[in-house]
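Any read-out appearing in this document is the output of simple, stated calculations on the displayed coordinates, not a laboratory observation. Note that the structure is a prediction, hence the values are computed from the model and not measured. All Cβ positions, even for glycine, are placed from backbone atoms using ideal geometry, and neighbour counts span all protein chains on display.
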Amino acid sequence: MFLGESFLFSQLAKIVIGTAPEGYDTALHPMAYAGWAGLFVTALNLLPIGQLDGGHVLYALFGRKSQKIYKFAMLAFIIIGAFLYPGWLLLIVLLLYIGFHHPPPEDDYIQLDPKRRLIGYFTFAVFLVSFIPVPFYIR
């Protein structure tokens with residue numbers, strides 16, 4: 001079984017070891033495996049859906065409008081699960097079971113200041129560069 005690569009992991013690998021010749025693969029050090037697992041779990045937690053941390057960030061940025069984005073993100077995740085990696089289907093079922101509803105905060109009317117909005121958008125950038133659409137595959 002082989003590991004898929006996120007954009008961030010592949011770029012870091014190019015910086016550290018360079019590009020492997022065609023037909024060759026790289027043997028990872030255990031610390032690199034730990035880094036891969038850390039990026040994988042971080043990306044899962046930052047999915048912009050429901051009660052995951054990415055869902056909380058999305059709600060903080062867009063408030064009640066985030067419901068539409070949750071549904072779009074879930075549809076995109078279902079498409080990835082259906083066509084790229086069926087292993088996501090169990091997580092999709094769990095996310096559908098948990099639902100998209102976010103508990104309202106005490107004060108839903110105060111908007112985030114620009115610094116906090118920037119941090120929220122940076123969080124989604126971290127998700128995009130660390131997400132692995134096909135985390136495991138067999139050659």
Original post:
closer than 24 Å to Leu75 by Cβ, out of contact with any helix residue (DSSP H, G or I) (no Cβ under 9 Å at 6 or more places or on another chain) and not hydroxyl-bearing (Ser, Thr, Tyr) - does that describe any residue in the range 104-124?
Top reply: no
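When the residues of the range 22-66 are filtered to those that are of a type in the set (S, T, N, Q) and part of a helix (DSSP H, G or I), which remaining residue is farthest from the chain's Cα centre (by Cα)?
Ser66
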Subject >> Selection status of Ala73, within 20 Å of Val129 (Cα to Cα), of a type in the set (Gly, Ala, Ser) and assigned to a helix (DSSP H, G or I) >> reply: yes
Original post:
When residues of the range 87-125 are filtered for being touching a residue at least 12 places away in the same chain (Cβ under 8 Å) and either outside any helix (DSSP H, G or I) or within 17 Å of Ala60 (Cα to Cα) (or both), how many remain?
Top reply: 12
**OP:** Just one of (1) in contact with a helix residue (DSSP H, G or I) (Cβ under 8 Å, 6 or more places away or on another chain); (2) in a loop (DSSP other than H, G, I, E, B); (3) over 26 Å from Leu94 (Cα atoms) trips up Leu8, so point out which.
**Re:** (2)
Subject >> Flag for Leu84 being farther than 18 Å from Val134 by Cα, touching a residue at least 24 places away in the same chain (Cβ under 8 Å) and out of contact with any strand residue (DSSP E or B) (no Cβ under 7 Å at 6 or more places or on another chain) >> reply: no
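Can you tell me which residues in the range 57-96 are under 26 Å from Lys115 (Cβ atoms) and crowded, with 18+ Cβ neighbours inside 10 Å? Break it down stepwise before answering.
In the first step, residues of the range 57-96 are kept if they are under 26 Å from Lys115 (Cβ atoms); the result is 57-70, 73.
Of everything in the range 57-96, those that are under 26 Å from Lys115 (Cβ atoms) and crowded, with 18+ Cβ neighbours inside 10 Å turn out to be Val57, Leu58, Tyr59, Ala60, Leu61, Ser66, Tyr70, Ala73.
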**OP:** Residue by residue through the range 126-139, note down the ones that are among the aromatic types (Phe, Trp, Tyr) and not in a helix (DSSP H, G or I).
**Re:** Phe131, Phe136, Tyr137
**OP:** Kindly list the number of the only condition in (1) touching a Leu at 6+ places or on another chain (Cβ under 8 Å); (2) among the hydroxyl-bearing types (Ser, Thr, Tyr); (3) more than 19 Å from Tyr137 (Cα to Cα) that fails for Ser6.
**Re:** (3)
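Name the residues in the range 34-50 that are in contact (Cβ under 8 Å) with a residue 24 or more places away in the chain and not β-branched (Val, Ile, Thr), would you?
Pass one, the range 34-50, residues in contact (Cβ under 8 Å) with a residue 24 or more places away in the chain: 35-36, 39-40, 42-44, 46-50.
Selection gives Gly35, Trp36, Leu39, Phe40, Ala43, Leu44, Leu46, Leu47, Pro48, Gly50.
In contact with a helix residue (DSSP H, G or I) (Cβ under 9 Å, 6 or more places away or on another chain), among the small types (Gly, Ala, Ser) and in a helix (DSSP H, G or I), is that true of Ala82?
Spelling it out, Ala82 is indeed in contact with a helix residue (DSSP H, G or I) (Cβ under 9 Å, 6 or more places away or on another chain), among the small types (Gly, Ala, Ser) and in a helix (DSSP H, G or I).
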